[in-house]
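What follows is a short report on a single structure.
What follows draws every value from the coordinates through simple rules; no lab data is involved. Note that the structure is predicted; figures quoted are calculated from it, not measured. Virtual Cβ from ideal backbone geometry, glycine too; neighbours counted across all protein chains shown.
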Amino acid sequence: MSWTKWTRGRLVALAVCVLLPWGAAACAAGEAHGGGVSPSPVGKVLDGTDETGRNLREVPPQGAPEVAVEVAPDPAGGWDVRLALRRFRCSEPGTRPVAVLGRGLVHLFVDGRRVARLRSRTHHLPAGLVPHGTHRITARLYADDGTVWAVHGKPVQSTADITVSDQEPPPARRSPRTPGTPGTSRTPGTPSTPGTPEG
């Protein structure tokens, strides 16, 4: 897990970012599917569900999809979410609702509430979704039939915690940008420890 302290005007946020050195898979933009559990022979559909009521689809750890998430403040306001995907690609709009290993959608949660279904590696969270306080941002992988990819009975997901300690100032009062990192700055001496995705 890496700890990064971000400063933007009077806004101070501590972002706990989980990153891995993966080449991220390219995904197309679009909307998500719904649908029931498919009779796909991929993995084993478990009785257990995630908090949205979707069944877990267990697959072996070898070859299982993986995700890592990074959350950083956007100089223009809100938060930028970036995903690193391994052995997983986002499905195109119109894909049949059948589970295929390594394919599907990424659902994004803030404090356990789903806020987006993603077919891309990036997403912008409005500031209103992460007001003053500590928030947990989770990216979870779903198959095209709506089941949750799982390993050892746990969803394949990654989480970043962010703490917003003050309100964002009006645009006229923002501090100047730091060269090389537009609108953000890293505090020297912040500890950094490598981490791994959940699941």
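Of the peptides 81-93, 42-54, the order by per-residue mean of other Cβ atoms within 10 Å, starting with the highest, comes out as 81-93, 42-54. Debye-formula intensities of segment 52-154, expressed as log10 I(q)/I(0) at q = 0.11, 0.18, 0.21, 0.24 Å⁻¹, are -0.35, -0.87, -1.10, -1.32 (one equal scatterer per alpha-carbon, no solvent).
Take the Cβ atoms of Arg82 and His132, set R0 to 22 Å, and the FRET efficiency comes out at 0.40.
Using θ = phi - 60° in the Karplus curve 6.51 cos²θ - 1.76 cosθ + 1.60, the 3J(HN,Hα) couplings for segment 123-137 round to 7, 10, 9, x, 4, x, 7, 10, x, 3, x, 9, 9, 10, 9 Hz; x is entered for Gly and Pro.
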